[in-house]
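Participant: I'd like to ask you about the structure that follows.
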Amino acid sequence: MHHIIDHPLIQHKLTQIRNKDTGTKEFRENVNEIAGLMAYEITRDIPVRKTETETPMMRCVTHELSRDIVLIPVLRAGLGMVDGITSLIPTAKIGHVGMYRDHKTLEPKSYYAKFPYRMKKAVVMVLDPMLATGGSASATLDKLKSEGASDLKLVCIVGAPEGLERITRDHPEVDVFLAALDKGLNEQGYIIPGLGDAGDRLFGTNDFPKQF
Ligand code: PRP
Ligand code: URA
């Protein structure tokens, strides 16, 4: 199942990151802020357990998160979403998956993986701003399943229908969260209208001096 989280604040920030004249600093800030706002919505149904707390006035029933939360940024671009979410969930554990797309075949190439220990019972959120063909996200979800993760959520900012179809086919039980579902992909596999190369824009590795 997929969910479009189109809160007005998210729409506004998405406009900033789509703009080709937005530089590295603003791009980074807006990606993190969008990720935080999305996480606020996505965690709405995360279970809590009852506990007791002594306030300065009296003892009372309170609630706390009852599940570990694990974030899995897909390198590089997923790193741009981590701070925005850990500012809301500071106890989240973080794993990393290194994945890049071969420019010719568009097939994902895996080059790194390191996971926290307790993923089996955790709510695991895979972070990547871009869902294009869906190859990188699908391969990441495969890896996480083979490590025992079962409560998986895929959190992307901009998606293409092709990528969404791929995830729905390969991982029908995984909820996909997007800020926007765009028109499609161009011949190079870039999302249209999209926002360009998210990793390059986050880390300043593109060729456009304006964006620095
Ligand atoms: C981008 C993006 C996704 C992937 C999406 O990463 O961050 O991981 O492409 O494309 P897909 O859905 O077709 O697999 P990229 O390969 O550019 O690596 P980078 O983040 O290191 O720049
Ligand atoms: N990766 C990106 O960074 N942007 C796209 O549009 C597609 C894949």
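Participant: So is ARG169 among the charged types (D, E, K, R) and open to solvent by 20 Å² or more (accessible area, probe 1.4 Å) or not?
Facilitator: Yes; evaluated as a whole, the condition is true for this residue.
Participant: Now for a different question. Select the helices (runs of 4 or more DSSP H) contained entirely in the range 131-212, then report the ones holding at least 2 residues which are away from ligand 2 (no atom under 14 Å from the Cβ) and modelled with pLDDT of 95 or more.
Facilitator: Filter on the range 131-212 gives 135-146, 161-170.
Participant: Given the conditions (1) open to solvent by 90 Å² or more (accessible area, probe 1.4 Å); (2) closer than 30 Å to TYR190 by Cβ, which single one is not true for ALA137?
Facilitator: All conditions pass for ALA137, except number (1).
Participant: I've got another one for you. Please go through the range 117-130 and give me each residue that is more than 13 Å from ligand 1 (Cβ to nearest atom) and part of a loop (DSSP other than H, G, I, E, B), ordered by number.
Facilitator: TYR117, ARG118, MET119, LYS120, LYS121, ALA122
Participant: Exactly one of these conditions fails for ASP142: (1) under 29 Å from ARG118 (Cβ atoms); (2) buried (at least 22 other Cβ atoms within 10 Å of the Cβ). Give me its number.
Facilitator: Condition not satisfied by ASP142: (2).
Participant: Collect the residues in the range 106-116 that are touching a helix residue (DSSP H, G or I) at 6+ places or on another chain (Cβ under 8 Å), more than 10 Å from ligand 2 (Cβ to nearest atom) and outside any strand (DSSP E or B), keeping them in residue-number order.
Facilitator: Answer for the range 106-116, where residues must be touching a helix residue (DSSP H, G or I) at 6+ places or on another chain (Cβ under 8 Å), more than 10 Å from ligand 2 (Cβ to nearest atom) and outside any strand (DSSP E or B): GLU107, PHE115.
The values are calculated or read from the model by the stated rules, or taken from the named source; none is laboratory data. Bear in mind that the values here come from a model prediction, so they are computed numbers and not experimental data. Positions of Cβ are backbone-derived with ideal geometry, glycine not excepted, and every protein chain shown enters the neighbour counts. Please note that ligands, DNA and RNA were not included when accessible areas were found on the heavy atoms of the full protein model with its side chains. Shrake-Rupley method; radii C 1.70, N 1.55, O 1.52, S 1.80 Å.
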